[in-house]
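Engineer: Can you keep this structure in mind? I'll have questions shortly.
The values are calculated or read from the model by the stated rules, or taken from the named source; none is laboratory data. Note that the structure is predicted; figures quoted are calculated from it, not measured. FYI the Cβ positions are ideal-geometry reconstructions off the backbone, even for glycines, and counts take in every protein chain you see. Surface accessibility is based on the protein's heavy atoms, side chains included, excluding ligands, DNA and RNA. Shrake-Rupley method; radii C 1.70, N 1.55, O 1.52, S 1.80 Å.
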Amino acid sequence: DAGVTQSPTHLIKTRGQQVTLRCSPKSGHDTVSWYQQALGQGPQFIFQYYEEEERQRGNFPDRFSGHQFPNYSSELNVNALLLGDSALYLCASSTLGRGGGETQYFGPGTRLLVL
Amino acid sequence: LAKTTQPISMDSYEGQEVNITCSHNNIATNDYITWYQQFPSQGPRFIIQGYKTKVTNEVASLFIPADRKSSTLSLPRVSLSDTAVYYCLVGMDSNYQLIWGAGTKLIIKP
């Protein structure tokens with residue numbers, strides 16, 4: 001049973017460019033959440049997708065957008081990259097259930113470096 | 001939104017039992033408490049989840065007092081490979097958004 005997978009593992013971009021990160025959820029999961037984790041800090045919630053719609057959003061600008069496909073996989077897009085966008089981007093999958101009790105399973109992350 | 005407070009760091013030795021306590025004074029009635037472990041440059045790994053009293057699995061125990069304003073993760077007989085950052089999370093039933101604190105950096109020494 002494959003867990004959560006993310007691609008690519010590492011990425012280097014320059015300021016102003018756009019980036020797309022991809023995530024495939026754990027088998028049987030229908031909900032995908034994205035997090036940004038700066039070095040030495042805890043993950044920060046970006047948004048969550050369910051049934052191809054954004055259900056919840058954290059305090060991130062509109063430069064961060066996403067998409068969920070019918071097979072539950074998801075993409076995170078970041079436009080007009082800033083140096084401060086350099087971070088580990090984590091995808092987590094879960095099943096829509098009792099809200100706070102749902103267990104999220106994380107992928108290995110994509111390390112983004114913006115130069 | 002419920003906020004969690006954990007010690008920034010802890011040290012222990014191989015073979016010892018380690019207890020990490022998390023405070024969550026504003027926990028709501030329907031919130032769950034979840035602990036994750038994270039190694040450098042890897043995604044967090046689920047350890048244990050509970051609502052009240054005590055929960056035990058093959059890797060850890062979680063103790064939650066009756067008022068649920070705190071919780072303690074107990075790791076029995078730690079090894080060097082348990083060196084990691086441990087996050088305490090309070091799950092929000094209302095908006096499904098997990099609140100991540102700064103975590104506790106646990107260092108296990110030989």
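Engineer: Could you tell me which of the residues B:Leu62, B:Leu80, B:Leu73 is among the hydrophobic types (A, V, I, L, M, F, W, C), in contact with a Phe, Trp or Tyr (Cβ under 7 Å, 6 or more places away or on another chain) and either more than 16 Å from B:Glu17 (Cα to Cα) or away from every other protein chain (no Cβ under 14 Å) (or both)?
Structural biologist: Values: B:Leu62 fails: either more than 16 Å from B:Glu17 (Cα to Cα) or away from every other protein chain (no Cβ under 14 Å) (or both); B:Leu80 fails: in contact with a Phe, Trp or Tyr (Cβ under 7 Å, 6 or more places away or on another chain).
Criteria check complete, one pass: B:Leu73.
Engineer: Related question: Kindly check whether there is at least one residue in the stretch A:26-33 that is open to solvent by 30 Å² or more (accessible area, probe 1.4 Å) and in a strand (DSSP E or B). Walk me through how you get there before you give the answer.
Structural biologist: Here is the first cut: in the stretch A:26-33, the residues open to solvent by 30 Å² or more (accessible area, probe 1.4 Å) are A:26-28, A:30.
If we keep only those that are in a strand (DSSP E or B) as well, we get none.
So far as the stretch A:26-33 goes, no, none of its residues is open to solvent by 30 Å² or more (accessible area, probe 1.4 Å) and in a strand (DSSP E or B).
Engineer: For the structure I just gave you, tell me whether A:Gly28 is over 21 Å from A:Gly58 (Cα atoms), modelled with pLDDT under 95 and within 13 Å of chain B (Cβ to nearest Cβ).
Structural biologist: Numbers: over 21 Å from A:Gly58 (Cα atoms): yes; modelled with pLDDT under 95: yes; within 13 Å of chain B (Cβ to nearest Cβ): no.
It is false that A:Gly28 is over 21 Å from A:Gly58 (Cα atoms), modelled with pLDDT under 95 and within 13 Å of chain B (Cβ to nearest Cβ).
Engineer: What tally of residues in the stretch A:37-70 results from selecting those that are assigned to a strand (DSSP E or B) and open to solvent by 30 Å² or more (accessible area, probe 1.4 Å)? Write out each step before concluding.
Structural biologist: Taking the stretch A:37-70 and keeping what is assigned to a strand (DSSP E or B), we get A:37, A:44-50, A:53-57, A:64-68.
Going one step further and asking which of them are open to solvent by 30 Å² or more (accessible area, probe 1.4 Å), we end up with A:44, A:50, A:53-57, A:65, A:67.
Adding up the residues that qualify gives 9.
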